Amino acid sequence: MRLSLRTKTIAGTAIIEATLLVVLIVTSLSFINNLTGDSVLKRTSTTINLFASTTKDALLTLDLASLEASVQELMTNPDIAYVRVIDNQQRTLAVSGDTSSLSSGFTADTTLANVNDGVFDSNRRIVVSGHYYGEIQLGIDIGYVQSSLIQIRNWIVSLALIELGLVALFSYGLGTYLTSQLNTLRQGAKDIVNAIKTSNFNTAPIAEKGHDELTELAKTFNLLVKNLETEYQSRLEAENELTQLNQSLEEKIARRTQALSEKNELLEQSNKELKETQQQLFQAEKMASVGQLAAGVAHEINNPVGFVSSNLNTLTDYLSMFQILMTLVKKLQPDADIEAQKALITEIHQFYAQHDFDFISEDVTPLIEESVEGLARVSEIVKGLKVFSRIDSDEKQWFDLNHCLNTTLTMVNNKLKYICKVEKQFADLPRVYFNVGKLTQVFTNLLINAGQAIEATGKQGVITVHTYLQGKQVIVDITDTGCGISEENLEKLFNPFFTTKPEGQGTGLGLSITYGIIQEHGGSIEVTSKEGEGSRFIITLPVGDNSQPLQTQTNEAQ
């Protein structure tokens, strides 16, 4: 059901007014009832207290004549319905008043609302030194009070209904006036729609009557019609101009397309050259890192290879001894001459003792175990070189970050072991999806820089590599006790070609490439440093939703 604005105005105003009147009526009646009740209670309390003080002595002495005289004197008040004086044995000593009220059972009233017989009942006990001697029962006629309250309530309700009717009538007039003005505006809006279709705005303006806000609205509406007509004419002119421009638009588009094609070719060429330059920079930094690691890696490989070679030479000598011994043993024949056999056995024992075969037997196993361990070290270094060689690849895989750090530490061990101690504090980490070769490059750069910073102090230092899990992020914390970085250089630390090393000892690309690799993996890198105390690099990498189970924790010092 659709309601008109006039109906809504009348209904809304009437509802508001009715609500206010109901609140006013309830509040007024409640106030009058409370005021009247308080007056009756005060009147009753004053009367019975005064009467009790007057008759107290007569009650104590059982002076019935005085009690009767006091009762008759009190009954001269027109609003006293009855009065009764009883002793402590509930015997009536004096009584006067309305017989119907006296005949009904006495129940003291506490509020005016509880009175239903027109008489407000009250009593006062006579107590002296804690001893009860009797009481006074008094009834006050409040019929006139109740009738007055009913009359006041009727007048208030009548006035409220009259006011509600007047408000409804006023609302009707106001709604009619407003809707008539709004209907004029609505018709004007329809005329605007027709004017746009017919290009004739002469019938669209509406009449301006009066000097109120609706008249101002009518003036604004007419101004809108005028502006709309002006805009319409301007649009027609713009359309004509647009038609003329469209005639040459295809030619302009063709020229612009040709220019864009040429620009795109230049951009493609520039991007190609930029990628080549970037790759060359990566390769230059990689080669710089390889140059720094080459001597150390060669030394790390030569050491185990050297003692493996020495062990093999020793084992070869041992083998030749065993072959001679086996040749002598084979000469023992069951059917040979006994004297010859004894001589041969003596020769074997002499050969065995001369060449200390007990020592050879004990020494063979450690030599083989040392050789196996040395070859394992070579194999680990070769694996690290294979990982490091994959820096140019964009391939990512799920990998153990702790294992990647261990591999890097193996690679740079020869650069660090003579100048510092490396402490590893590896926590349980899930496998992370990353490019192994590129992160190995990151850790290599940071560890070599830390080693060089410690070496610059001329003291034995400590590099602490700490990994832990924080929410859905893996944290790698690399801290050194080196020379530190000045505050002015911290802001430029990740800028390309910026370096604090002497000329010829750094490309200035290591930390820049490190920053780019971390960004490429969706992580972040933060650095804090203080000159003379050391530096701290914190790398944060996202774990991802498909992370692998946690790996075994490793805490050790290298």
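The values are calculated or read from the model by the stated rules, or taken from the named source; none is laboratory data. Computed from a predicted model, the values in this text were never measured in an experiment. So basically every Cβ, Gly included, is an ideal-geometry build from the backbone, and we count neighbours across all protein chains shown. Please note that ligands, DNA and RNA were not included when accessible areas were found on the heavy atoms of the full protein model with its side chains. Shrake-Rupley method; radii C 1.70, N 1.55, O 1.52, S 1.80 Å.
Measuring with a 1.4 angstrom probe and ignoring ligands and nucleic acids, Met326 comes out at about 100 Å² accessible. Taking amide hydrogens as placed 1.01 Å from N in the peptide plane, the amide H of Tyr82 sits under 5 Å from those of Asp98, Gly139, each at least 5 positions away in sequence or on another chain. Give the aspartates and glutamates whose C-alpha is closer than 14 Å to that of Lys415, dropping any in the same chain fewer than 8 places away, or say none. Partners found: Glu300, Glu455.
Over all pairs of different C-alpha atoms, the stretch 17-106 has a mean inverse distance whose reciprocal, the Kirkwood radius, equals 15.7 Å. How many angstrom lie between the C-alpha centres of the stretch 431-500 and the stretch 219-278? Centre-to-centre (Cα) distance: 52 Å.
Surface exposure of the stretch 78-179, expressed per residue as accessible area with a 1.4 Å probe, stands at 57 Å². Arg43 contributes an accessible area of around 90 Å² to the protein surface, as traced by a 1.4 Å probe with all chains present. Taking 12 Å as the straight-line reach from the Cα of Lys272, none of the aspartates and glutamates fall in range once those fewer than 8 positions away in the same chain are excluded.
Report, in listed order, any pair from Lys190/Lys219; Lys190/Lys226; Lys438/Lys459; Lys417/Lys472; Lys396/Lys417; Lys472/Lys492 with a Cα-Cα distance greater than 27 Å. Provide the component values of the computation, followed by the final result.
Working: Lys190/Lys219 17 Å; Lys190/Lys226 15 Å; Lys438/Lys459 31 Å; Lys417/Lys472 34 Å; Lys396/Lys417 31 Å; Lys472/Lys492 30 Å.
Long pairs (Cα-Cα over 27 Å): Lys438/Lys459; Lys417/Lys472; Lys396/Lys417; Lys472/Lys492.
The modelled label-to-label distance between Ile156 and Val128, using points 7 Å beyond Cα along the C-beta direction, is 4.8 nm.
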